[in-house]
Structure formats: C-alpha cells, structure tokens
Amino acid sequence: MTMDNAARIAKGDRIAAEAASRRTFAIISHPDAGKTTLTEKLLLFGGAIQLAGTVKARKASRHATSDWMEIEKQRGISVASSVMQFPYREHVINLLDTPGHQDFSEDTYRVLTAVDSALMVIDAAKGVEAQTIKLLDVCRLRDTPIITFINKLDREARDPMELLDEVESVLKIQCAPVTWPIGMGKRFRGVYHLLRDEILLFEAGRAERNQELELIRGLDSPRLDELFGDQAAELREEVELVRGASHGFELGAFLAGKQTPVFFGSAINNFGVREVLNALVDWAPGPQPRDATARLVNPAEEKFSGFVFKIQANMDPAHRDRIAFLRVCSGRFERGMRIRHLRLGRDIQVSNAITFMAQEREQVEEAYAGDIIGLHNHGNIQIGDSFSLGEELQFTGIPYFAPELFRRVRIRNPLKVKQLHKGLQQLAEEGATQVFKPLNGGDLVLGAVGVLQFEVAAHRLQTEYGVDAVFEPVNIYTARWISCADARMLADFEKKLADNLAYDGAGNLAYLASSRVNLDLTQERWPQVQFHATREHA
Ligand code: G4P
C-alpha cells in the first residue's frame, strides 16, 4: 500500500512535533547535594507520583545495605528508576538516572552521552564538589547544555556570588543567574527573578503542600517594604550589584554549552523547582541530530533509529536476562516493529519493549526521538549497538571511559580459567567492568570508576559462572587507549613499553600508567603516539 502525499506529510509532521516536545536530561551532582529530593519534586510536578517520599524511600532501601546480594534484589527497582518519563506543559520529559553513591560506575558517565541537556545540582554550603567536576567533564564531550540549581538555601550557605565565581573558575563555564536568593538559612525569604522582575516568596513547607506561593511583581513594589522592612532596600542594592557583576542570560551561549543559567532554591521545600522545570521546557534543546558513521541523523526523520547506551542485568541471573536501554534518535518506534540489529546484521522483532512512564514499567506502544525504550535480550545486545529501519546507521559517540580504579584478578581454582574469561567478557560487554590483558602475560586486570563495580563483578562471577576470584590491589593509576599513524613507531612503542601495555576486552591497545607523572613523561617521550581517555565502542 502506498501512502498518499498528504498522509505522508501528516505523518512526518507528527514525528517532528513529537520529537520537538521531548526533553531528555540527567541530573549531575555530588552525593548528598539533593539529586534524589529534586527528582522526587520534579516527578510530583509531572504528576508522575502523588506522594512525596516515594523516591526517597526507594533510595533508602537501596542504601540501607552494603550487601551486594541485597542490592541485587533491588535490580528490578533500579531498572524502573533508570528512566523516569512524565508529561509537563505539553512536553514529554525523560529524566535519566545517573547512579551515584555506591552505584557510581561507568554507566553514570555513559548515561550523559544519551541526554540532550543536564541539570547540575550544587549544595549551597559546599559548592563545587569532586563528582560534579568529573560529570561535567563528560558533558563537555558533547557540549551538553547545563542548567544549574543551587540547593539548600534554607540552610546557612556560602555567599551566592562566591558560589558563582567558583562554578566559573573550577568548571570553566560562564554563569548567568536567573533567580537570586533573598537571604539564606533562617533569613531565607525567597528568590528574585532577574528576567521577570518578580519575587517569589518562600515559606517553609508551603510549596511542599502544593499551595500557591505569593508572587510580588516588581522590585519597586511597596509590598516588599511592607514584608521585608530594611531587607527590601538591601535586596534592591544587591540586585543592582548582581546585574552589574554577572552575565546576562544568552540562549545561544547556553545551547553551545558555554553558559549555564543559575537558579537558587530548596528542593526539600519544593522551592525554586518549578522555575528549573520551566527552564528545561523553554530553553533546553529537544532531541539533537546524532552522528552516525554514514551521516548525521535528524530526529524528525520518518524512519526509526537508535543506539544502546546501557545494559542492565535483570533480576534472574540464571536466565542471563538483560535489558538494553535504547535511546531513540529518529522516527517512530511501534510495538511489534522489526528493527535491524546492525552489528549482527539481522532483523529482530520487538514485541516486549518496555517504557518508563512514571514508576510503572509498561509495554511500549510508541516512542519518538529522545525517548528511551528497554529491550529484553539474553546477551545479544551490547553497549554501543545501533538499530535502524532499512538504512545502515551506526551511531558514534557512545564511549568507554578510562577506568580510575584497577584490580588484579586471581582465581583460586586454575581449572576455571575458561569460565573466568567468559564471565569477564560478558561483564565487560554489559559495561559492568573493563578487562585488560597485559601484553607480557600475567593476570588479568579489571578497571572501573566506582569501587562497588569490583564487588559486583566478584559476586556475579561466583553466582553466574561458578568462579571464585580474588581481586588484589595493583599499581595502576589510569589507562589510555593508544593509536599511532606510524605503524613502525607503534611497533617500537609496543616493544619498549610492553610491561605497561595491555589489550582491552575488545582487543584495543591500552597504556596502563602507574602515576600521573609516568603518563605525562611517556606522552612527552612519544609525541607521535596518541593517548586517548575515551574510546568508541567497537
Ligand atoms: P542525593 O540524592 O544527591 O544524594 O541527595 P538527597 O536528595 O538524598 O539529599 C541529601 C540530604 O540533603 C538529605 O538529607 C535531604 O533531605 C537533604 N536535602 C535535600 N534538599 C534539601 C534542601 O533544600 N534543604 C535542606 N535543608 N536539606 C535538603 P538526609 O538527612 O541525608 O536524609 P533525610 O533524613 O532527610 O531523608
């Protein structure tokens, strides 16, 4: 059956409109800055949950134990909270979880390659912290636009101007304050909206109960003097200073990842959260075109395409059941559709994909660019795999990241070497850990970015592959993938530095440096050899 032109155009328009209404983002923060609390408030606004405390309770149950067995039982829960989709102001918001605390892993980084914008949460008393710096570096790989929320103004905090200076100097991103806090801690009265010339009054617990907040229009309003007394004049003066000393918001600079609009508030009091959500809808980009090896793929294209950025082993380890998280890049996905698995070169029919509406896992009926769908599989889908309809589109920009922690692997029973290799291979494909095989033989080395990854690997090797492995400390500081245009030089490099070289799970050459100094020196000595901190999926 051929579609007539009018119907084709209508379908094209629908796909373009659906894509444009998507906002796919993640929260980047250091543990305890308030990510969970903010997530919960965002879901409340989206009507995705009715009751405060739902997300919090889930986090508590995940953190009440450091026992991996228990954490494993929670795997189903973490699948459901990996992506949270909710409607807001005629848009569809996809919030992708960035696992923190003990769950911090390479997945946390990779999720950031699947979003179109990020929300950076900073604790107003602590300022810029270590994990935030790392996560922002990852965002920079794609110049992802960043919205900033400075949280916990209901407590004693640092001077707001000093906080902005710190963001600018440490994170190297220009700040454009959009709201400005009026006092802090016990004297926190609300925020002044610099663009709308409005004051949003703070009253602890009021917004939490979803009651309307009082809004004062205009900094000149006499109501301000009535309410604040002397603090009103102080505020007027401060606003004048801030306007003079800070950058005005520029949409273009924000979209280019060069400037971040900054909002102040208190997540726990639900204060300032709506402004952030509105900024996300009004300013953050919808799904962006994505690079594939052949060409750039536009979200409004009619034909479906997408890539896998995360694999989650499912509840029942006996069945090796996994869920692959696929980000839709173009077109429309429909249940029952046959899509092409590029790496395997064959079509698969997707009858039981899952979506992530609110908290429930539901059957996907349809999905558009920006949406995430979960594909059940038994190990035939890997991170970085591309799926499409008709045309061969291999997406790029889904990297592996240089591990920051390393362990040497020993097994107690040498007869289990084969199982060990098989198990590690599969864990590496899932992105659970990275495996390095030293050129000079010797024990395998595991790499990770979060400590718990090693515990998970040890536990899963035992339960799923019957391998009793011991992980020992090893003197490696970081890894860099190696490339060199000159084959002879590369051969020379391999010969001279064999003790520091290894192949990763996909057979790529990597340099394992014992220290920062060692890495710098080696780079200096071999200027024609390239050292990469990330590598693309094979
Ligand atoms: P995270 O996911 O980034 O790790 O942070 P989370 O939301 O769990 O918040 C960390 C702590 O900070 C929690 O306190 C939370 O209640 C508190 N918090 C979050 N937002 C605000 C805020 O706006 N103001 C104040 N004063 N506190 C805030 P906790 O004691 O660890 O947990 P709980 O006992 O409150 O649950």
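The values are calculated or read from the model by the stated rules, or taken from the named source; none is laboratory data. Please read these numbers as outputs of a predicted model, since none were measured by experiment. Please note: Cβ atoms are built from the backbone with ideal geometry, for glycine as well, and neighbour counts cover all protein chains shown. Heads up: the accessible areas ignore ligands, DNA and RNA and are worked out on the full protein's heavy atoms, side chains in. Shrake-Rupley method; radii C 1.70, N 1.55, O 1.52, S 1.80 Å.
What the table shows:
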read-out	value
Count of residues meeting criterion [within 16 Å of the ligand (Cβ to nearest atom), outside any helix (DSSP H, G or I) and closer than 23 Å to P285 by Cα] in segment 3-38	5
Given (1) at pLDDT below 95; (2) part of a strand (DSSP E or B), index of the condition L344 fails	(2)
Set F228, F254: member being open to solvent by 10 Å² or more (accessible area, probe 1.4 Å), closer than 27 Å to K41 by Cβ and out of contact with any Gly (no Cβ under 8 Å at 6 or more places or on another chain)	F228
Scan of segment 493-517 for residues that are within 16 Å of N475 (Cα to Cα) and of a type in the set (S, T, Y), ordered by number	Y511, S514, S515
Residue count for segment 292-303, restricted to those that are surrounded by 16 or more Cβ atoms within 10 Å (Cβ to Cβ) and either under 22 Å from the mean Cα position of the chain (by Cα) or farther than 18 Å from V115 by Cα (or both)	5
Unmet criterion (only one of (1) over 17 Å from I147 (Cα atoms); (2) hydrophobic (A, V, I, L, M, F, W, C); (3) within 11 Å of the ligand (Cβ to nearest atom)) for V92	(3)
Unmet requirement for L420, which otherwise passes all of (1) open to solvent by 50 Å² or more (accessible area, probe 1.4 Å); (2) out of contact with any Lys or Arg (no Cβ under 8 Å at 6 or more places or on another chain)	(1)
M69, sole failed condition from (1) modelled with pLDDT of 95 or more; (2) open to solvent by 30 Å² or more (accessible area, probe 1.4 Å); (3) not small (G, A, S)	(1)
Matching residues, segment 273-291, being assigned to a loop (DSSP other than H, G, I, E, B) and open to solvent by 50 Å² or more (accessible area, probe 1.4 Å)	W283, Q288, P289
Selection within segment 442-501 - buried (at least 20 other Cβ atoms within 10 Å of the Cβ), modelled with pLDDT of 95 or more and among the β-branched types (V, I, T)	V445, I476, T478, I482
Subset of segment 369-415 [among the β-branched types (V, I, T) and open to solvent by 10 Å² or more (accessible area, probe 1.4 Å)]	T396, I411
Test: residue in segment 417-437 that is more than 30 Å from V328 (Cβ to Cβ), of a type in the set (G, A, S) and more than 31 Å from the chain's Cα centre (by Cα)	no
Selection from segment 243-269 of residues that are within 16 Å of the ligand (Cβ to nearest atom), assigned to a helix (DSSP H, G or I) and not hydrophobic (A, V, I, L, M, F, W, C)	N269
Long-range neighbours under 8 Å by Cβ, at least six apart or interchain, first residue among the basic types (K, R) within segment 140-165, second within 16 Å of the ligand (Cβ to nearest atom) and part of a strand (DSSP E or B)	K152/D123; K152/S266; R158/G127
Hits in segment 203-229 (condition: within 30 Å of L251 (Cβ to Cβ), at pLDDT 90 or above and assigned to a helix (DSSP H, G or I))	L224
Selection count where residues are in a loop (DSSP other than H, G, I, E, B) and at pLDDT below 90, scope segment 311-341	7
The listed residue being in contact with an Asp or Glu (Cβ under 7 Å, 6 or more places away or on another chain) and on the phi < 0 side of the Ramachandran plot, out of A130, A125, A118	A125
L200 part of a strand (DSSP E or B) and open to solvent by 10 Å² or more (accessible area, probe 1.4 Å)	yes
Subset of segment 508-532 (residues that are open to solvent by 50 Å² or more (accessible area, probe 1.4 Å) and under 25 Å from Q426 (Cα atoms))	N508, H532
